[in-house]
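The values are calculated or read from the model by the stated rules, or taken from the named source; none is laboratory data. None of the values given here were measured: they were computed from a predicted structure. Here Cβ is always computed from backbone atoms with ideal geometry, including for glycine, and neighbour counts include all displayed protein chains. These accessible areas exclude ligands, DNA and RNA; they are computed on the full protein's heavy atoms, side chains included. Shrake-Rupley method; radii C 1.70, N 1.55, O 1.52, S 1.80 Å.
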Amino acid sequence: MIMSLIIQKYGGSSLGNIDRIHAVADRILATRAQGHDVVVVVSAMAGETDRLIHLAQQIQSEPASREYAVLLSSGEQASIALIAMALISRGQAACSFTASQVRILTDNRHQKARITGIEDRAIRANLAAGQVVVVAGFQGVSESGDVTTLGRGGSDATAVALAAAMHAKECQIFTDVDGVYSADPRVIPEAQLIPEISYEEMLAFASHGAKVMQNRAVELAAHHGVPLRVASSFGEGEGTLLTSHDVGLQQARVTGITWQTDGVLCRVSGLPSEPGLSSALFAQLMQADVAVDFFREGQAEDGLWIEGLVSAAEQATVQRVLETFGLVTFISAATISLVGRGLHEDATIMQQFAGVLASQKIAIWGLQRTDHHLTVLLDMAQVSALSSLLHTAFA
């Protein structure tokens, strides 16, 4: 009998302690009992990556990139061995693989690497022998044989890439929430579970603050048409199914609210008004792997200024890259977004959004509007109250 293939990914919260690891093993066995081959992708145990980051920063404030990747990838290696042991202790044959053993190939960036190919022969051979295969997420191997890492949430990308390469029936992302909600239910208790959502809407959620999935993983799923489900490893619900089409009727709608509070607005001032200067500055940031949003420029008495929103975690890198151009300053900033479809064309939604902002006398520093998200840049102190008001207004 030909068995269908299920890829299951378990994040750090699902592997918080030994009891949780045993619970994950039981869930894997239940999937096997339904007649599926199973490939499991795991993250490091909860808190382990942060512990390793802290260790590195005690040695170097900006750790050497190659060695940093080697260090951070070690958390997943512990997880795969523990899951495989838990399965073997239950009588289920299992085998663990690091990314270099599978050959999950990436480009040469040590952090935020992108997967370029997967050699799945070893996985297929072990599946054919009746084993469950447990693969380390978050990591890859470069053309030169170095360990690389895929960025925060990179285990999601590992799972989706494996599902695409192996034509899996479904890729299941297990986390500590029941699925995708209209807002973070830990912050807004009245948030509602979304049973089905389009890839485009999910990408807007992931790109603008929702921690449910890595945005690169959603991009991969959309590009390859991978059936993708987000569910809780703590319960038995169906979770949220990501689909390749907009769900339901085609009129505009707001699906949910999301926000980011880990940003800083970086400004470089006192610049000469030279053609191409802003392009050169932007290129330097891209070369340093720094993502910039709300990029804009203007003229002041002391010269040209250029600013953009970056992650607070990248502030030191931005300072180093840009201080050769001019005076660099940082201000804590946040974004809040409506996510849905038809948002670029529906004036009613924009008017209602603006009305909520005006009612609270909230000043916005920037605005972006696409078909699937409406995002404003604002003072971080405004986010908490505004998120609840917006969720109520568009519920």
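If I ask for residues that are in contact with a Leu (Cβ under 7 Å, 6 or more places away or on another chain) and of a type in the set (D, E, K, R), which ones from the range 287-303 would you list?
Asp293, Glu297
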* Structure fact -> The condition of being under 21 Å from Ile257 (Cβ atoms), surrounded by 15 or more Cβ atoms within 10 Å (Cβ to Cβ) and in contact with a helix residue (DSSP H, G or I) (Cβ under 6 Å, 6 or more places away or on another chain) holds, among Ile349, Ile362, only for Ile362
* Scan the range 26-56 for residues that are farther than 17 Å from Gly154 by Cβ, surrounded by 17 or more Cβ atoms within 10 Å (Cβ to Cβ) and among the acidic types (Asp, Glu) and report the count. => 1
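Filter the range 342-361 down to the residues that are of a type outside the set (Val, Ile, Thr) and outside any loop (DSSP other than H, G, I, E, B) and list them by number.
Answer for the range 342-361, where residues must be of a type outside the set (Val, Ile, Thr) and outside any loop (DSSP other than H, G, I, E, B): Ala347, Met350, Gln351, Gln352, Phe353, Ala354, Gly355, Leu357, Ala358, Ser359.
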* To do: Go through the residues of the range 184-201 one by one and say whether even a single one is touching a Cys at 6+ places or on another chain (Cβ under 7 Å) and of a type in the set (Val, Ile, Thr).
  => no
* How many residues are part of a loop (DSSP other than H, G, I, E, B), open to solvent by less than 60 Å² (accessible area, probe 1.4 Å) and among the polar types (S, T, N, Q) when one looks only at the range 100-112? -> 1
* Asked: How many residues, within the range 30-49, are in contact (Cβ under 8 Å) with a residue 24 or more places away in the chain and not in a helix (DSSP H, G or I)?
  -> 13
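Residues are listed down the side, and each one gets a yes or a no for (1) open to solvent by 30 Å² or more (accessible area, probe 1.4 Å); (2) more than 30 Å from Ala312 (Cβ to Cβ); (3) more than 22 Å from the chain's Cα centre (by Cα); (4) in contact (Cβ under 8 Å) with a residue 24 or more places away in the chain:
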residue: Met202; (1), (2), (3), (4): no, no, no, yes
residue: Gly209; (1), (2), (3), (4): no, no, no, yes
residue: Glu219; (1), (2), (3), (4): yes, no, no, no
residue: His224; (1), (2), (3), (4): yes, yes, no, yes
residue: Ala252; (1), (2), (3), (4): yes, yes, yes, yes
residue: Gln260; (1), (2), (3), (4): yes, no, no, yes
residue: Leu265; (1), (2), (3), (4): no, no, no, yes
residue: Val268; (1), (2), (3), (4): no, no, yes, yes
* Of all strands (runs of 3 or more DSSP E) completely enclosed by the range 113-195, which ones contain at least 3 residues that are farther than 26 Å from Asp37 by Cβ and either touching a helix residue (DSSP H, G or I) at 6+ places or on another chain (Cβ under 9 Å) or open to solvent by less than 10 Å² (accessible area, probe 1.4 Å) (or both)? -> 147-149
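Would a scan of the range 77-91 turn up a residue that is among the charged types (D, E, K, R), in contact (Cβ under 8 Å) with a residue 24 or more places away in the chain and surrounded by fewer than 15 Cβ atoms within 10 Å (Cβ to Cβ)?
Within the range 77-91 (the criterion being among the charged types (D, E, K, R), in contact (Cβ under 8 Å) with a residue 24 or more places away in the chain and surrounded by fewer than 15 Cβ atoms within 10 Å (Cβ to Cβ)), the answer is yes, since at least one residue qualifies.
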* Top-ranked residue of the range 57-76 - restricted to ones that are open to solvent by less than 90 Å² (accessible area, probe 1.4 Å), in a helix (DSSP H, G or I) and of a type in the set (S, T, N, Q), ranked as modelled with the highest pLDDT -> Ser74
* Asked: Can you tell which of Ser279, Ser332 is out of contact with any His (no Cβ under 7 Å at 6 or more places or on another chain), surrounded by fewer than 18 Cβ atoms within 10 Å (Cβ to Cβ) and not in a strand (DSSP E or B)?
  -> Ser279
* Residues of the range 53-76 being more than 14 Å from Gly12 (Cα to Cα), free of Cβ contacts under 8 Å to residues at least 40 places away in the same chain and under 22 Å from the mean Cα position of the chain (by Cα), which ones? -> Ile53, His54, Leu71
* Would you mind stating whether Thr324 is surrounded by fewer than 16 Cβ atoms within 10 Å (Cβ to Cβ), among the hydroxyl-bearing types (Ser, Thr, Tyr) and in a loop (DSSP other than H, G, I, E, B)? => yes
